[in-house]
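Asker: Next up is a structure, given as structure tokens.
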Amino acid sequence: MIKKTISTHNGSIVHRDHNIRNYKPGQVPNNINPERSKYNEVLIDETPQHAYKRIFGQALQEYNDKQNRPERKIRSYYSHIKKSAKQHPVYEMIVQIGDCNDTGNENIENEKACIIEFIAGWQKRNPNLELIGAYIHADEMTLHAHLDYVCVGHNYVKGMRMQAGMVKALEGQGFVKEGKETAQIKWERRENKELERICIAHAIAVRHPEGEKTEHLRTEEYKLRKEIEEASCHISETTAELNSLVEQAQTLKSEKEKLIGEILTLKEVQELETGKDFFGRKKNFINLPYDKYMKMKRTCEMLGLFDKDKEEFEIYKKQQQEMLKKQKQNLKMLKINLFEKQEQTYKYERFLEKFLSEYQIGGKNLQKIFEERVNCNNFEINTR
């Protein structure tokens, strides 16, 4: 069995233009190979605006009909959710089989079949997570899919009877928070296990790297890590190609030195003399024995060939060096962005710890209450 890593990362940042490859000329990111974009597949593609009208249109109409004051009516539910600081209109899961170290073109069709099967069973597994976008990308370093979905919660008491909300949507599917383990973590683990089941059925053994704890990283950090990984692979490939070019240049140099021995030297050219006609004037041609004529012909051909090859080689080499420079700059920026995200996460965790330790209810701080409840329930956290 082939051994692969798998990942199902979830987040609230969605870029539809990236998913459908809607880029202007010259704006295609370096990690995308346009020549392979023809192998991409768009299985589902619905704009969020259209999806919100289809999903929540009836519930919105019922809500507005009950409002006596015009200012309480909601004109566009999508715009309403988009302005919210707590809710997100669309979520995205990135599904990936393998990484840049264990992925090759020979397995791409089998991996794609696994992802398609995972997508096909999505709506049955997740009736409250309406899939509005499913995009398979084969033009980046590793085959993966972007799944965009809308969380649909039912039976709300306040507001619309049906609203966009992940907690309520997952609750309707049987996922509720227990201690530190949120409903989202439970659901993500279930989806990851489903992908693993499909892979095993397709003769792909799933490898779990020891100590890897990226399952619940913030999606922004995951995407940055993924881009850094791909950028590093690109740099390795470009460096290897440059090394190959240097070897080719050395080989060409050796061949040139060998061929120079077979062509006319400068001294031989200077020694050539033109003949004179009947009136004593110099002829406009050179009298050469046949062997020297062939040697001179070869001289002209080889010098022209080498000049052309050298010019093309220098242009290509310069292009590769510029590409390598850009890739290294891009990698540097990605690492800076990742560091900033990690700093933000660290500050947020410290703030949360301080809040739990200082805020009190009934004379007890939240941290102590939380620990007592965890100990009481004898709860274990699965950190797979």
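The values are calculated or read from the model by the stated rules, or taken from the named source; none is laboratory data. Everything numeric in this text was worked out from a predicted model, so none of it was measured. We place every Cβ from the backbone using ideal geometry, glycine too, and count neighbours over all the protein chains shown.
Asker: Identify all residues within the stretch 174-190 that are surrounded by fewer than 16 Cβ atoms within 10 Å (Cβ to Cβ) and assigned to a loop (DSSP other than H, G, I, E, B); write none if there are none.
Answerer: Answer for the stretch 174-190, where residues must be surrounded by fewer than 16 Cβ atoms within 10 Å (Cβ to Cβ) and assigned to a loop (DSSP other than H, G, I, E, B): Gly174, Val176, Lys177, Gly179, Lys180.
Asker: Sticking with this structure for a sec: Check whether at least one residue in the stretch 72-91 is aromatic (Phe, Trp, Tyr) and assigned to a helix (DSSP H, G or I), and report yes or no. Quick ask: steps written out before the conclusion?
Answerer: Filtering the stretch 72-91 down to residues aromatic (Phe, Trp, Tyr) leaves 77-78, 91.
Now restrict to residues that are assigned to a helix (DSSP H, G or I): 77-78.
Yes.
Asker: Something else now. Would you be able to tell me the number of residues in the stretch 2-56 that are more than 22 Å from Glu191 (Cα to Cα) and among the hydrophobic types (A, V, I, L, M, F, W, C)?
Answerer: The qualifying residues number 6.
Asker: Looking only at residues in the stretch 16-38 that are β-branched (Val, Ile, Thr) and closer than 24 Å to Leu324 by Cα, which one is modelled with the highest pLDDT? Let's see the steps before the verdict.
Answerer: Of the stretch 16-38, the ones β-branched (Val, Ile, Thr) are 20, 28, 32.
If we keep only those that are closer than 24 Å to Leu324 by Cα as well, we get 28, 32.
Working: Val28: 83, Ile32: 87.
Checked the stretch 16-38; the qualifying residue modelled with the highest pLDDT is Ile32.
Asker: Quick check on my filter: what residues within the stretch 109-122 are closer than 15 Å to His146 by Cα and of a type outside the set (Gly, Ala, Ser)?
Answerer: Glu111, Lys112, Cys114, Ile115, Ile116, Glu117, Phe118, Ile119, Trp122 - these are the residues of the stretch 109-122 that are closer than 15 Å to His146 by Cα and of a type outside the set (Gly, Ala, Ser).
Asker: List the number of the failed condition for Leu60; all other conditions in (1) farther than 30 Å from Pro29 by Cα; (2) at pLDDT below 95; (3) buried (at least 20 other Cβ atoms within 10 Å of the Cβ); (4) not charged (D, E, K, R) hold.
Answerer: It fails just one condition, (2).
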